[in-house]
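The values are calculated or read from the model by the stated rules, or taken from the named source; none is laboratory data. Worth saying up front: this structure is predicted, and the values here are computed from it rather than measured. Neighbour counts run over all protein chains shown; Cβ positions are idealised from the backbone, glycine included.
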Amino acid sequence: MELANLTIKRVQAGLSTGEFTATELQQELGDFARQKDKDLHAFLSFSDPEAQIREGSLANVPIAVKDNILIAGGKTTAASKILENYVAPYDATAISRLRVAGAWFQGKTNLDEFAMGASTENSAFGATRNPHDPTRVAGGSSGGSAAAVASGQAVAALGSDTGGSIRLPASFCGVVGLKPTYGRVSRHGLIAMASSFDQIGPITKTVEDAAILLAIIAGQDELDATSALQPIEDYEVRLREGVVGKRIGVPTEFFAEGLDPAVAKVVKKAITELEALGARVGEITLPHTKYAVPTYYILVPSEVSANVARYDGIKYGLSVQSENLLDTYLDSRAQGFGAEVRRRIILGTYVLSSGYFEAYYAKAQKVRRLIKEDFDKAFENFDVIVGPTAPTPAFKIGEKSDPVSMYLQDIYTAPASLAGIPAISIPCGQVEGLPVGLQIMGRQFDEATVLATAYAYEQR
Ligand code: GLN
């Protein structure tokens, strides 16, 4: 078994021709992943091989799962001390759909605590390392999932994306990462970070595998009122439609100050190649792009501060017994949350407090609307919008010590998150041996065109 190149497609072929059995696959992949993880720390826990042989379209396909997505009966830590011993009481909807399809959940992957970060260094259990250079970060917050797929420790994985957490690590690790439209995939059983942004999505070796996983996890769910009733297309069939005549917009703002010139060169070359495949490329402007990061870092901490209020030392996880109830709350939170989570609680409660609400939160909501309208306008004339996923290749562990420099990693991913539109990152070349990602954004619920464009580029 060549684990490094094992895709969902190849697993399905290998199992059906009898090249290997489900048990052999689970054993061999599990051993390899455990061994490799001593260097990379992509996983927080591993499952044991299962004797039971499953059926379904994804029968016995191993899937790694970010550790902020609940799998019933297993630990789900969100990489936080406060949930260190928390056992999930039910399956997330994305998990139950994969379970029905026959998938085997191989283990839980590392992340920034509660998905807050861009490097996986904020994990309470230690950073994940980049398989291309272990002195560098894997990106975040789904760094464990991306590193596991890139290193061959996993065939495919689930991540979550609030402001870039699927796309950024995919870019840094040289794999495919798709953030679906907000509402496309149920958030039920995903530990909430910022509820008007969060989405679960696939991290895979190929665009085809991303299409396969999306088709299974997508769709309306009565347990998530924001999941949408939009029809799910046959993504695998639509992959092959190509890009001839498709209109691709390239935003000027995505190639301005802040972008590493070497990354710009690689991404521009990829766009030229899409043009050579028959796409019609034109320059566009998304004038509010420069407000995306500040807007995101007003709105997201606001939602975070509300969502993490539930971790009070009583209902879940860590409980530090103190003399009275108030001290139990305070001590549990003080000991359970890391620095970045505490920073966001402080930021969020500040911008939501009376007297500041209008100036910060309400204003940021208005800017969010303007950013969305920039995209709406662009999509009147273009089918997809492309640019870099990240401003630089993977940086060194410990390099970004001030929070703002870490927040600026989201400069190209936050816009699609604020607008709620689908976006994928696919590998498009390297700079000094480190992968560079091409980001392709699409209209709301038009994952099919995003995937088809990505597939055409990947196959060329
Ligand atoms: N880096 C961003 C943040 O820290 C995105 C995180 C995410 O998408 N979960 O908020």
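Counting the residues of the stretch 296-345 that are away from the ligand (no atom under 16 Å from the Cβ) and among the hydrophobic types (A, V, I, L, M, F, W, C) gives 8. Scanning the stretch 300-314 for residues that are of a type in the set (A, V, I, L, M, F, W, C) and more than 16 Å from Tyr361 (Cα to Cα) returns Val308, Ala309, Ile314. For the residues Thr295, Thr328, the requirement of being of a type in the set (Val, Ile, Thr) and closer than 30 Å to Leu259 by Cβ singles out Thr295.
Taking Tyr316 as the residue in question, decide whether it is at pLDDT below 95, under 25 Å from Ser196 (Cα atoms) and under 27 Å from the mean Cα position of the chain (by Cα). The answer is yes for Tyr316. Among the residues of the stretch 40-69, those that are touching a Lys or Arg at 6+ places or on another chain (Cβ under 7 Å) and not in a strand (DSSP E or B) comprise Leu40, His41, Asn60, Asp67.
All of Pro180, Pro202, Pro169, Pro231 fail the test of being of a type outside the set (A, V, I, L, M, F, W, C) and at pLDDT below 95, apart from Pro231.
As a summary of the residue check, Asp37 satisfies the conditions (1) assigned to a loop (DSSP other than H, G, I, E, B); (2) closer than 30 Å to Met193 by Cα except for the one numbered (1).
Taking the conditions exactly as written (over 23 Å from Ile345 (Cα atoms) and within 16 Å of the ligand (Cβ to nearest atom)), does Thr93 satisfy them or not? Judged against the criteria, Thr93 is not a match. Taking into account only those residues within the stretch 423-460 that are part of a helix (DSSP H, G or I) and of a type in the set (Asp, Glu), which is surrounded by the most Cβ atoms within 10 Å (Cβ to Cβ)? Only one residue fits best here, namely Glu447.
When you go through Thr349, Thr392 one by one, which is the residue that is within 16 Å of the ligand (Cβ to nearest atom) and either touching a residue at least 24 places away in the same chain (Cβ under 8 Å) or among the polar types (S, T, N, Q) (or both)?
Thr392
Only one residue in Ala150, Ala124, Ala118 is in contact (Cβ under 8 Å) with a residue 12 or more places away in the chain, buried (at least 24 other Cβ atoms within 10 Å of the Cβ), away from the ligand (no atom under 12 Å from the Cβ) and among the small types (Gly, Ala, Ser), so which one is that? Steps first, please.
Details: Ala124 fails: buried (at least 24 other Cβ atoms within 10 Å of the Cβ); Ala118 fails: away from the ligand (no atom under 12 Å from the Cβ).
Of Ala150, Ala124, Ala118, the one residue that is in contact (Cβ under 8 Å) with a residue 12 or more places away in the chain, buried (at least 24 other Cβ atoms within 10 Å of the Cβ), away from the ligand (no atom under 12 Å from the Cβ) and among the small types (Gly, Ala, Ser) is Ala150.
Does Ser160 satisfy being among the hydroxyl-bearing types (Ser, Thr, Tyr), surrounded by fewer than 24 Cβ atoms within 10 Å (Cβ to Cβ) and at pLDDT 95 or above?
Values: among the hydroxyl-bearing types (Ser, Thr, Tyr): yes; surrounded by fewer than 24 Cβ atoms within 10 Å (Cβ to Cβ): no; at pLDDT 95 or above: yes.
So Ser160 does not fit the description; no.
Counting the residues of the stretch 124-145 that are over 16 Å from Ala394 (Cβ atoms) and either out of contact with any helix residue (DSSP H, G or I) (no Cβ under 7 Å at 6 or more places or on another chain) or among the polar types (S, T, N, Q) (or both) gives 2.
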